[in-house]
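Undergrad: Handing you a structure now.
The values are calculated or read from the model by the stated rules, or taken from the named source; none is laboratory data. Quick caveat, the model's predicted, so the values are computed rather than measured. When we count neighbours, we look across all protein chains shown, and the Cβ atoms used for this are built from the backbone with ideal geometry, even at glycine.
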Amino acid sequence: MTEAAVFDSECFQTTDGEIAIVNLNSARLRSWSRFYQDPQRPGVAETVLEHEQLTAQFAGDLSALDRLEAFGEGLGRLDASSARTMLIQAQIASALHRFSDARHHLAQASLGGAPSADVERILLNIDQACGSHLEEVLDERRRIVAKSGRFEDRVALGALLADVGKFNDAEDIYRQALREYQDVSPFPVAWVCFQLGMLWGELVPEPQLPRAEHWYRKAIASLPCYVRPRVHLAEIYLSSGRTGDAEAALRPALASGDPEVSWRLADVLTADERDGEAAVQLETARSGFEMLLDSHLLAFADHGAEFYAGSGNDASRALELAQINLNNRPTVRAFHQTHTIALAAGETYAAAEILAAATMRWGSIASLRLSSVAHGSPESREGAVA
Amino acid sequence: MSDHIDGPRQIGDPSADLTDLFAFTSPENPSRIVLAANVFPTCGVDAIFSNAITHSIVVRRAKVAGIGDATKFETADPEIRFSCRFDGLERGAADGKPVQRGTCLMPDGQTLRFLVGDEKGASTPDGTFRIFAGMRSDPFILAWIFEGGAMRKFQNLLLNDNVLCIVVEFDTARVLNPEKGSLFAVIAETLPIPHPGAFVGHPPPRMDWVGRPEQTNIRLNNSGLKDVDDIRDLWNQQSPFAIDEKVRPLFLQRLKDSLANYDMRDGKQDWTPSALAADAQMFVDDFMLFDVAKPITDTSHLEIEKSTLNGKAYQTGGGRTVDADVIDVLMTWIVNRDREFLEGGATKATKPGTKNFPYFAAPNMDLQTVAETVDVSATPDKVWELIGQFGVAYWHPLIAKILLTGTGPGQLRTIETIDGKQIIERLDAVDNAGRFYRYANIAGLPVANYTGTLSVKPNGAGSSVEWRAQFLPNGPGTLITKTIVSTLFKTGLDSLKSRF
């Protein structure tokens, strides 16, 4: 069945992406104001967390990560021992890929009497992000979807199915999420479109770039300021020699300050033999990555590794970062990335060790993924913001 | 909250979330009726209407079809529907700030274009209809905390909040033709707009709707009921005026359980089982009643329903005005059946309604923040020993004298500064173990809604002292007010350096 046929029934538009971003920012500032006024009021801290997470994920505002971190610290000073603080700190730590910290906070929250459903939900996200107990996580995700049918639960299940190589099932779940969607916020729609782009462009053994392009374009149409699909779409354009389109996709995202945009733009400019401009963008990307790694190492280790393995041209830094990421979250993608980078760096012994460890942990899934030609940037998804 | 964030699904796009519905006689002209619907709870100061939603206010003629324990209100076609849609953003001409326009389809087929935020609104050429859409101060008062089965008085939880507001005013005689009957029922709903090129969603196309206040967040989602499903989304997908007969028993049973639970919140049973069942039957038909031939006042909300349930003829126009304290009216009714008025921790909204179109007060400004810190070498305990007593602030070089009234939270300090000015502040919370206190300014500074905190935390071998305040400037302008507060804080904190 074609994508068009799936969505040929009566459908509804979503709120203009520009309006949604203005509204998110307005509500975010208001939630901070309410928090400052009475930090103990039920729900206010959770709203700040939600707004900053949305801002980090969709609004191309990386400073949201700094605000989240400062928020967690501030909350700790105000109300260090409460289960509520621990739950929020766990979610912040998870968003920043500090999964050990997140687990510690969750344990404390549980001891402090936090609702077990909240603890289990966050723990499930962490296990999925770290590739831990995936069979159990998959069973639980399926159970949750069967019970709740909520949009975010479907997307989490789709991401997990993609992680374990069940690509068609993942696509079905994503499509179902879009069909069942009954809201007008463009954020969830853009998110699923991006996931579908990733599925066809990055995760399947044989990438189907036209399908990936289709979904990245839909993600951008829903939410023009969404940086990640712009970067991936530009990669597809560049791979087929459409440098003008690639540059047009990236330019609007430059203001976000995301170093990945500068990096991909540098690649586009290099392909166009505009070496001077490319050098400027590359340097911007390098300093941008180092700044992010300096403040949020675990959140950006995989992205940094990819950069240094590519145009960043520093194989040892790439391997160092890839190994940091692998130690933090030993997913198939992390093994795949580290293995590829080790091979490229000429570290054949290290590569063999990684392959052995991956096979031991992941069996046939690892064999499939690690034997394929290296492609694309491993993406953080569930529990991640970058 | 009335209908604020009334279901998991509404968390998606907050601008689709209907918070409140109003129906009242125009304060400017008693021959006109005003209907208003608000969306987007706690929307901040820059919020904009979604361009993907039709916002509708729908009126039907109503009649009393039964009284006492047989109370029933029936509604009839045709619908009198006002439907507003909003455009995408336009670049503003002057300051580059985006502007938004909308279109309202009136019940007689006239369409009216309007500019969002224009307080004059727009009127049809024949003067029958007038509309306003834009941000306003949220007039809702929620001054209770509901925790499990308990209710606790609290400050207004929506203090300083704004909402996006749609106000429709019209000639009562021409539009409603009260000669045929003066009782009406009204609801508001948000509907997604079908779009040929879109690729998400499926019918039925309903997002949220609201009739009487608190159908969802208080009556259907009673936190005092244990181990029950959240059925608010299911409720929001029902068609107003036509609840699906298959699920009606589910809602009815939930309302009975919920109302029985509220009845016992004060430990006394005020509702007989039959009266409670009648109340639940009345509430499941969720629309707001108003009678255009009778007075609609700040206290007439729910009077039509209550009198009818009590077996009497109603005396007022019911409806809901901007300043109606609807939560207290509702809680009094369902907890003790009007035996004793239950008053929450506040009875006034952030700003009262106005006598002039569009009747909802101007939006609240963003709270301003001033925060100053100083690092000192002494331990936190040592520093707190000096500055931690709300009533003993002589460490501050600008303070000449302090007069205290009361002790503990609620204590007032009247400060006389060295230049003879007087500042009055109230202690709201203190935590000596956590080394912070929070206070409010009552008088003496050109501010409103001022909340200050003073805290000491460890910083290496020494301490870091933070003095922070949030407030609305009230007088000489934001910059000057912030400078006044900042100078007060800095002078005090700088003086600590020389003490340790």
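Undergrad: Taking interchain pairs and intrachain pairs at least six residues apart, which have beta carbon atoms under 7 angstrom, with the first residue in the stretch B:447-463 and within 11 Å of another protein chain (Cβ to nearest Cβ) and the second assigned to a strand (DSSP E or B) and modelled with pLDDT under 90?
TA: Sorted first by the residue in the stretch B:447-463, then by its partner, the pairs are B:N449/B:F471; B:N449/B:L472; B:Y450/B:F471; B:T451/B:Q470.
Undergrad: Same structure, new question: State yes or no: is B:N160 of a type in the set (S, T, N, Q), assigned to a loop (DSSP other than H, G, I, E, B), in contact with a Ser or Thr (Cβ under 9 Å, 6 or more places away or on another chain) and more than 30 Å from A:G149 (Cα to Cα)?
TA: Values: of a type in the set (S, T, N, Q): yes; assigned to a loop (DSSP other than H, G, I, E, B): yes; in contact with a Ser or Thr (Cβ under 9 Å, 6 or more places away or on another chain): yes; more than 30 Å from A:G149 (Cα to Cα): yes.
In short, yes.
Undergrad: Another question about this same structure. Within the stretch A:264-278, identify whether any single residue is among the acidic types (D, E) and either modelled with pLDDT under 95 or not in a helix (DSSP H, G or I) (or both), and answer yes or no.
TA: Of the stretch A:264-278, the ones among the acidic types (D, E) are A:267, A:272-273, A:275, A:277.
Now drop any that are not either modelled with pLDDT under 95 or not in a helix (DSSP H, G or I) (or both), which leaves A:272-273.
Yes, the stretch A:264-278 contains a residue that is among the acidic types (D, E) and either modelled with pLDDT under 95 or not in a helix (DSSP H, G or I) (or both).
Undergrad: Considering only residues that are of a type outside the set (A, V, I, L, M) and in contact with a strand residue (DSSP E or B) (Cβ under 9 Å, 6 or more places away or on another chain), look in the stretch B:472-482 and name the one that is modelled with the highest pLDDT.
TA: The initial filter retains those residues of the stretch B:472-482 that are of a type outside the set (A, V, I, L, M), namely B:473-478, B:481-482.
Restricting the remaining residues to those that are in contact with a strand residue (DSSP E or B) (Cβ under 9 Å, 6 or more places away or on another chain) gives B:473-475, B:478, B:481-482.
On the way: B:P473: 77, B:N474: 76, B:G475: 72, B:T478: 74, B:T481: 83, B:K482: 86.
Per the criteria, the residue is B:K482.
Undergrad: Related question: In the stretch A:33-58, which residue that is facing chain B (nearest Cβ under 9 Å) and part of a helix (DSSP H, G or I) is surrounded by the fewest Cβ atoms within 10 Å (Cβ to Cβ)?
TA: Out of the qualifying residues, it is A:E50.
Undergrad: Let me ask something else about it. Going by what's in this entry, would A:D258 be described as outside the structural domain of A:L24 (by TED's automatic domain parsing), without any contact (Cβ under 8 Å) to a residue 12 or more places away in the chain and acidic (D, E)? Step through it out loud before you land on a result.
TA: On the way: outside the structural domain of A:L24 (by TED's automatic domain parsing): yes; without any contact (Cβ under 8 Å) to a residue 12 or more places away in the chain: no; acidic (D, E): yes.
No; evaluated as a whole, the condition is false for this residue.
Undergrad: Do we have any residue at all in the stretch B:56-77 that's assigned to a loop (DSSP other than H, G, I, E, B) and within 14 Å of chain A (Cβ to nearest Cβ)? Let's see the steps before the verdict.
TA: Within the stretch B:56-77, the first condition is being assigned to a loop (DSSP other than H, G, I, E, B), and the residues that meet it are B:67, B:71.
Now restrict to residues that are within 14 Å of chain A (Cβ to nearest Cβ): none.
Looking for residues that are assigned to a loop (DSSP other than H, G, I, E, B) and within 14 Å of chain A (Cβ to nearest Cβ), one finds none in the stretch B:56-77, hence no.
Undergrad: Every residue in the stretch B:348-363 that is crowded, with 23+ Cβ neighbours inside 10 Å and either within 14 Å of another protein chain (Cβ to nearest Cβ) or hydroxyl-bearing (S, T, Y) (or both), please.
TA: Correct list: B:Y359, B:P363.
Undergrad: Continuing with the same structure: Output the number of residues of the stretch A:130-166 satisfying the condition of being within 18 Å of the chain's Cα centre (by Cα) and under 17 Å from A:V192 (Cα atoms).
TA: Qualifying residue count, the stretch A:130-166: 13.
Undergrad: Here's another thing I want to ask about it. Given the conditions (1) within 14 Å of chain B (Cβ to nearest Cβ); (2) surrounded by 19 or more Cβ atoms within 10 Å (Cβ to Cβ); (3) not polar (S, T, N, Q), report the number of the one that A:D61 does not fulfil.
TA: (1)
Undergrad: Among the residues of the stretch B:172-197, write down those that are surrounded by 18 or more Cβ atoms within 10 Å (Cβ to Cβ), out of contact with any helix residue (DSSP H, G or I) (no Cβ under 7 Å at 6 or more places or on another chain) and more than 14 Å from chain A (Cβ to nearest Cβ). Walk me through how you get there before you give the answer.
TA: From the stretch B:172-197, those surrounded by 18 or more Cβ atoms within 10 Å (Cβ to Cβ) are B:172, B:175-176, B:183-192; that's our starting set.
Cutting the leftovers down to out of contact with any helix residue (DSSP H, G or I) (no Cβ under 7 Å at 6 or more places or on another chain) gives us B:175-176, B:183, B:185-189, B:191-192.
Passing the criteria: B:V175, B:L176, B:L183, B:A185, B:V186, B:I187, B:A188.
Undergrad: Output the number of residues of the stretch A:286-295 satisfying the condition of being under 13 Å from A:G312 (Cβ atoms) and either surrounded by fewer than 15 Cβ atoms within 10 Å (Cβ to Cβ) or free of Cβ contacts under 8 Å to residues at least 24 places away in the same chain (or both).
TA: Result for the stretch A:286-295: 2.
Undergrad: Identify, from the list A:H97, A:H104, the residue that is modelled with pLDDT of 95 or more, outside the structural domain of A:D153 (by TED's automatic domain parsing) and within 15 Å of the chain's Cα centre (by Cα). Can you show your working first?
TA: Numbers: A:H104 fails: within 15 Å of the chain's Cα centre (by Cα).
Checking each option against the conditions leaves just A:H97.
Undergrad: Any idea which of (1) under 13 Å from A:R28 (Cα atoms); (2) assigned to a helix (DSSP H, G or I) is the one A:D61 doesn't satisfy?
TA: Just one mismatch for A:D61, condition (2).
Undergrad: How many of the residues making up the stretch B:39-55 are more than 7 Å from chain A (Cβ to nearest Cβ), among the β-branched types (V, I, T) and under 21 Å from A:L223 (Cα atoms)?
TA: Looking only at that region, the number is 1.
Undergrad: Any residue at all in the stretch A:262-285 that's without any contact (Cβ under 8 Å) to a residue 40 or more places away in the chain, surrounded by fewer than 18 Cβ atoms within 10 Å (Cβ to Cβ) and more than 22 Å from A:A234 (Cα to Cα)?
TA: no
To keep it simple, each residue is scored yes or no on (1) in contact (Cβ under 8 Å) with a residue 40 or more places away in the chain; (2) closer than 27 Å to B:A16 by Cβ; (3) away from every other protein chain (no Cβ under 12 Å).
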| residue | (1), (2), (3) |
| --- | --- |
| A:W191 | yes, yes, no |
| A:V204 | no, no, yes |
| A:L209 | no, no, yes |
| A:I220 | no, yes, yes |
| A:Y226 | yes, yes, yes |
| A:P229 | no, yes, yes |
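Undergrad: Need pairs with beta-carbon distance below 6 Å; first residue touching a residue at least 24 places away in the same chain (Cβ under 8 Å) and within the stretch B:409-432, second aromatic (F, W, Y); sequence gap 6+ or separate chains.
TA: From residues that are touching a residue at least 24 places away in the same chain (Cβ under 8 Å), the pairs are B:E425/B:Y439; B:L427/B:F390; B:L427/B:Y439; B:V430/B:Y437.
Undergrad: Can you find, within the stretch A:121-149, the residue that is nearest to B:G148 (Cα to Cα) among those that are surrounded by 16 or more Cβ atoms within 10 Å (Cβ to Cβ) and of a type in the set (D, E)?
TA: Only one residue tops the list, namely A:E140.
Undergrad: Scan the stretch A:13-30 and give yes if some residue there is facing chain B (nearest Cβ under 9 Å), at pLDDT below 90, buried (at least 22 other Cβ atoms within 10 Å of the Cβ) and not in a helix (DSSP H, G or I), otherwise no.
TA: Checked the stretch A:13-30: at least one residue is facing chain B (nearest Cβ under 9 Å), at pLDDT below 90, buried (at least 22 other Cβ atoms within 10 Å of the Cβ) and not in a helix (DSSP H, G or I).
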